[in-house]
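Notes for the one structure printed next.
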Amino acid sequence: DAGVIQSPRHEVTEMGQEVTLRCKPISGHNSLFWYRQTMMRGLELLIYFNNNVPIDDSGMPEDRFSAKMPNASFSTLKIQPSEPRDSAVYFCASSFGTINEQFFGPGTRLTVL
Amino acid sequence: AQKITQTQPGMFVQEKEAVTLDCTYDTSDQSYGLFWYKQPSSGEMIFLIYQGSYDEQNATEGRYSLNFQKARKSANLVISASQLGDSAMYFCAMDGSARQLTFGSGTQLTVLP
């Protein structure tokens, strides 16, 4: 099994630019989660999907952030326009079943200059 | 609302000795799950162990065991026979009626040779 796949692994961009992070969950998993990790705030849930439907997006910081899951094997997290304070590691995770053991991708390290 | 508290920012242990990482939680859910993840310096999040709130026996996975004390709302991780490769950040997390995980602030474990 390939595990959760995220791309890109590293992204450096300038303030004001659009950033799109991508995630492919483990095949057969029906829940997908986007987290953000910073030194100051730790690991925070941004949004999660169940069966491709957004269930809770209360963690999305503001309207500049949006997430989609057009099908069971792909999700995107978009930031437009990006700001320096968005610099963080963004993790995607997926799970299946009642125990909710979440498998994390390798993360995308985003730097906004 | 759920809350996870890890009171040990950093811990040191001698190689081959056992170490306990503390975790306390707060929730109003009757059914919930408790998780431990390891994050080495490379950055990935690795699932270690899971304990369900209705599980009567403490969970064990190899050298990892979870000391679950429901009345005290604690879910400490015990690592036996520490190895140099155990040096990492360890996160305690929980879920409940909602599937998203709430993470603690983490404990940085250093194993000394």
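A few points about this structure:
- If you go through the stretch A:83-96 and pick out every residue that is touching a Leu at 6+ places or on another chain (Cβ under 8 Å) and farther than 27 Å from A:ASN51 by Cβ, you end up with 4.
- Pick from the stretch B:1-12, criterion open to solvent by 70 Å² or more (accessible area, probe 1.4 Å) and touching a residue at least 60 places away in the same chain (Cβ under 8 Å), ranking: farthest from the chain's Cα centre (by Cα): B:PHE12
- Hits in the stretch A:31-88 - residues which are of a type in the set (Gly, Ala, Ser) and within 14 Å of another protein chain (Cβ to nearest Cβ): A:SER31, A:GLY42, A:SER58, A:GLY59, A:ALA67, A:ALA88
- Residue within the stretch A:87-103 that is in contact (Cβ under 8 Å) with a residue 40 or more places away in the chain, at negative phi and charged (D, E, K, R) present: no
- When A:ARG109 is tested against the conditions (1) more than 10 Å from chain B (Cβ to nearest Cβ); (2) surrounded by 14 or more Cβ atoms within 10 Å (Cβ to Cβ), the lone failure is (1).
- The stretch A:18-28, residues that are surrounded by 14 or more Cβ atoms within 10 Å (Cβ to Cβ) and touching a residue at least 60 places away in the same chain (Cβ under 8 Å): A:VAL19, A:LEU21, A:CYS23, A:PRO25, A:ILE26
The values are calculated or read from the model by the stated rules, or taken from the named source; none is laboratory data. All values reported here derive from a predicted model rather than from experimental measurement. Cβ atoms come from the backbone with ideal geometry, glycine included; neighbour counts cover every protein chain shown. These accessible areas exclude ligands, DNA and RNA; they are computed on the full protein's heavy atoms, side chains included. Shrake-Rupley method; radii C 1.70, N 1.55, O 1.52, S 1.80 Å.
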